[in-house]
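Below is one structure, written out as C-alpha cells; comments come after it.
The values are calculated or read from the model by the stated rules, or taken from the named source; none is laboratory data. Here the structure is a predicted model, which is why all the values come from computation and not from measurement. Backbone-built Cβ (ideal geometry, glycine too); neighbour counts: all protein chains shown.
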Amino acid sequence: MSGDYTKVIFARDGDAPAPDRVGRTLRWTTAADDPQAFRSVMLAILEGSLDRHDRWATATLGAHEAARRYLEPAVSHFVRDQSGWETAWDGASPVGLVQPLLYVDGQKEERPMGTIGYIGVVPERRGNGYILDLLQRATGSLLGRHVWRIFCDTDTENHPMISAFERLGYTRGNVRAIPLQGWSP
C-alpha cells in the first residue's frame, strides 16, 4: 500500500452541549492504571482496522511498533496526559479505547484545543454501535477539560466513524489527502 489516502475533517465547538445520547453501561479503565490492557486493546483494534493508515502502519511497521507509536504521541504537538486515555469494557470483555489529546498550541482565550488521537472498537464488537459510546466518552472527556474546539479527522472509507461523528454533533469539514509514508497518525 503506497501513495495517498484521504481523510475527512470534523470539528465540534467546545461550548456546544455535551452529547445527550445515553449509551450502554460500560466499565472504564485508564491507560495510566492499566497500560498493558490499553496496549493489548490497541493491538486488537489495529487488526482489520477500517483506517487505511492503520493498515499501512501495521503492514509496514508491524502491529507492535504501530501501537507503540500511537501510544507515544508527539510531545511537540500534544500534551502527554494519559488520564483521559481509557479502555471500555462490557463485563470482562474489552470493547475498545479512546485517546483524547490536547494540542500544545491552538489555545484560544486560555482554553486548549483538543482532538481524539485514537479511537476504535475491537473486531469482535464492531457493528454493534459501540463507536457511539466511545466517541461520547472521548467528547465528554475533552469538554470536561474546557476545550474551545475539538478537531478530528478520519479516513473517508471509515463509514461507521463518519456516521458517529455526525450523529454526535460534529460538523463535517473538508477532505484532505495524506501521504502514506513516514509517521503521521
Quiz item: Identify, please: which residue in the range 112-153 is over 20 Å from residue 17 (Cα atoms), hydrophobic (A, V, I, L, M, F, W, C) and out of contact with any Phe, Trp or Tyr (no Cβ under 8 Å at 6 or more places or on another chain) and is, among those, surrounded by the fewest Cβ atoms within 10 Å (Cβ to Cβ)?
Solution: 119
Self-check item: Candidate set from the range 144-185 (those that are aliphatic (A, V, I, L, M) and at pLDDT 95 or above); member that is farthest from residue 65 (Cα to Cα)
Solution: 147
Quiz item: Name the pairs whose Cβ atoms lie under 7 Å apart, with the first residue in the range 118-130 and farther than 7 Å from residue 95 by Cα and in contact (Cβ under 8 Å) with a residue 24 or more places away in the chain, the second surrounded by fewer than 20 Cβ atoms within 10 Å (Cβ to Cβ) and of a type in the set (D, E, K, R), and 6 or more positions between them or separate chains?
Solution: 123/47
Quiz item: Out of 86, 109, 166, which single residue is buried (at least 22 other Cβ atoms within 10 Å of the Cβ), of a type in the set (D, E, K, R) and either more than 16 Å from the chain's Cα centre (by Cα) or more than 24 Å from residue 61 (Cα to Cα) (or both)?
Solution: 86
Quiz prompt | residue 56 being surrounded by fewer than 17 Cβ atoms within 10 Å (Cβ to Cβ), among the aromatic types (Phe, Trp, Tyr) and either in contact with a His (Cβ under 9 Å, 6 or more places away or on another chain) or in contact (Cβ under 8 Å) with a residue 12 or more places away in the chain (or both) | solution = no
Quiz item: When both residues are 6+ apart or on different chains and their Cβ atoms are under 8 Å apart, which pairs have a first residue that lies in the range 151-177 and is part of a helix (DSSP H, G or I), and a second that is surrounded by fewer than 16 Cβ atoms within 10 Å (Cβ to Cβ) and small (Gly, Ala, Ser)?
Solution: 160/127
Quiz item: Failed condition for residue 50, given (1) part of a helix (DSSP H, G or I); (2) under 21 Å from residue 151 (Cα atoms), with all others met?
Solution: (1)
